[in-house]
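Notes for the one structure printed next.
The values are calculated or read from the model by the stated rules, or taken from the named source; none is laboratory data. Predicted model only: the values in this text are computed from it and were never measured. Quick reminder, even Gly has a Cβ in these numbers, built from the backbone with ideal geometry, and neighbours come from all protein chains shown. These accessible areas exclude ligands, DNA and RNA; they are computed on the full protein's heavy atoms, side chains included. Shrake-Rupley method; radii C 1.70, N 1.55, O 1.52, S 1.80 Å.
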Amino acid sequence: MGATSSGPGPAPAPVRPPQGRAVGSWVRALLGRAGPVPVPGSGLALAPRGPAEEPPLPGWPLPQLVSLFLPEFPVRPSARQQQLKILGFVAKGSFGTILKVLDCGREKVCAVKVVPKVEVLRRDTLKQCKEEVSIQRQVRHPFVHGLGDSWQGQRHLFIMCTYCSTGDLHALWRAAGRFTEATVRLFAAELVLVLVYLHDLGIVHRDVKMENILLDERGHLKLTDFGLSRHLRWGERAHTICGTLQYMAPEVLSGGPYSHAADWWSLGVLLFALASGEFPVAPAGDHVAMLERVKQSSYESPPALSPALARLLAELLCHNPLHRLRYLHHFQGHPFFRGVTFDADLLQKDPVAVAVAPRPPEQPPPDPATFADFACDLAAPPGRPWPG
Ligand SMILES: Nc1ncnc2c1ncn2[C@@H]1O[C@H](COP(=O)(O)OP(=O)(O)OP(=O)(O)O)[C@@H](O)[C@H]1O
């Protein structure tokens with residue numbers, strides 16, 4: 001068995017320009033003090049403003065820093081923003097900071113991704129950022145986390161969606177160690193439906209991984225983070241090396257050409273880890289070293305897995321993308337899915353026991369604070385590498 005293993009550990013980072021990651025409880029700090037609060041490692045400081053200090057809407061002609069992000073990020077009247085109250089900090093992604101907020105108008109708890117415009121421009125990811133929102137607006141599926149709203153402030157972009165209180169699949173996996181094959185089968189069937197749906201729309205996700213799969217209150221999956229997704233027409237090929245190293249298909253690691261089949265490889269890595277508690281190949285420092293590891297690995301499943309699951313993994317983790325499983329009928333007729341109906345309503349009929357079982361309580365949220373545009377002081381610390 002040539003598979004190297006790495007058990008549940010810290011979340012692997014996506015391949016994108018580098019930037020700081022350690023973030024403390026700065027939201028609590030933000031809520032408790034008046035001055036700008038630095039976000040560690042990001043060169044970003046949040047200065048809470050009262051409604052009276054809200055920056056005025058830009059006049060006509062629009063400044064370029066506004067028009068560049070239109071129409072995907074409309075300018076929102078400040079009154080709308082003030083209906084949002086920050087309930088807490090959720091995560092620091094490689095692109096933005098995710099906050100939990102209360103939408104007072106709709107009495108709904110939401111998550112807002114806050115992305116500094118300057119970072120988008122510095123990293124030359126404007127097109128990608130707009131594509132993320134336009135794709136998320138386009139997709140409507142029971143196992144996709146849909147977009148609620150998107151808008152821009154003076155210095156930040158905001159992407160809002162429903163808050164998933166049950167957390168993400170990575171956190172659940174780390175707590176559980178690994179899942180039973182019945183649970184893996186259910187999660188796999190839900191993800192098969194999502195990927196088939198996206199690929200039929202001509203969308204390749206390119207970052208299928210546990211951290212990008214949220215769980216709804218009944219433990220069913222919601223694929224999220226379309227930050228690396230793009231439209232790829234049938235027969236068209238991509239060449240950009242992107243994704244999260246441990247999940248990237250060999251044809252992506254080698255710089256393409258690659259197609260939607262790359263997502264099915266990522267699904268294979270994900271299911272391997274869910275079922276065995278270990279990644280099939282340990283992470284390497286960069287895509288060149290990772291490609292070598294992937295080439296040398298035989299991707300044999302641990303003997304504890306059933307022959308049907310081992311076969312599914314082998315057929316997803318197939319080096320030749322043309323021989324990889326990739327159509328719905330491949331899965332419908334597969335022995336691992338015997339008895340499974342690929343119907344979203346039926347799959348969601350029962351709650352997922354392992355996901356809804358009681359877990360240690362979350363930290364109590366801080367007192368709500370008004371969500372002001374975050375007129376942030378974005379002065380980057382001197383000597384920061386460019387881009388990132
Ligand atoms: N709607 C949500 N509800 C609850 N948690 C969320 C929500 N959206 C995101 N998160 C949490 O925030 C984390 C980062 O979110 P997201 O992946 O969208 O950000 P990102 O900047 O694109 O990160 P990365 O590129 O590192 O994956 C997720 O792994 C998840 O744990």
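Per the conditions (1) touching a strand residue (DSSP E or B) at 6+ places or on another chain (Cβ under 7 Å); (2) closer than 27 Å to Leu347 by Cβ; (3) open to solvent by less than 30 Å² (accessible area, probe 1.4 Å); (4) polar (S, T, N, Q), the sole criterion not satisfied by Thr162 is (3). Do we find a residue being among the small types (Gly, Ala, Ser), at pLDDT 95 or above, assigned to a helix (DSSP H, G or I) and closer than 27 Å to Leu232 by Cβ anywhere in region 315-335? Within region 315-335, none of the residues are among the small types (Gly, Ala, Ser), at pLDDT 95 or above, assigned to a helix (DSSP H, G or I) and closer than 27 Å to Leu232 by Cβ. For the structure I just gave you, tell me whether Leu84 is within 15 Å of the ligand (Cβ to nearest atom), in contact with a Leu (Cβ under 8 Å, 6 or more places away or on another chain) and open to solvent by 30 Å² or more (accessible area, probe 1.4 Å). No. You will find that of Ala314, Ala308, the residue that is more than 25 Å from the chain's Cα centre (by Cα) and open to solvent by 30 Å² or more (accessible area, probe 1.4 Å) is Ala314 and no other.
Please note which strands (runs of 3 or more DSSP E) are completely contained in region 117-229 and include at least 1 residues that are within 13 Å of the ligand (Cβ to nearest atom) and more than 16 Å from the chain's Cα centre (by Cα).
Numbers: elements: 149-152, 156-162, 213-215, 221-223.
Correct list: 149-152, 156-162.
For region 227-264, name all the residues that are of a type in the set (Ser, Thr, Tyr) and either in contact with a strand residue (DSSP E or B) (Cβ under 7 Å, 6 or more places away or on another chain) or touching a residue at least 60 places away in the same chain (Cβ under 8 Å) (or both). Once the filter is applied, which keeps residues that are of a type in the set (Ser, Thr, Tyr) and either in contact with a strand residue (DSSP E or B) (Cβ under 7 Å, 6 or more places away or on another chain) or touching a residue at least 60 places away in the same chain (Cβ under 8 Å) (or both), region 227-264 yields Ser229, Thr244, Tyr247, Tyr258, Ser259.
Gly235 falls short of the stated requirement of being out of contact with any Leu (no Cβ under 8 Å at 6 or more places or on another chain), surrounded by fewer than 18 Cβ atoms within 10 Å (Cβ to Cβ), at pLDDT 95 or above and at positive phi.
Checked against the criteria, Arg237 does not count as within 16 Å of the ligand (Cβ to nearest atom) and closer than 27 Å to Glu292 by Cα.
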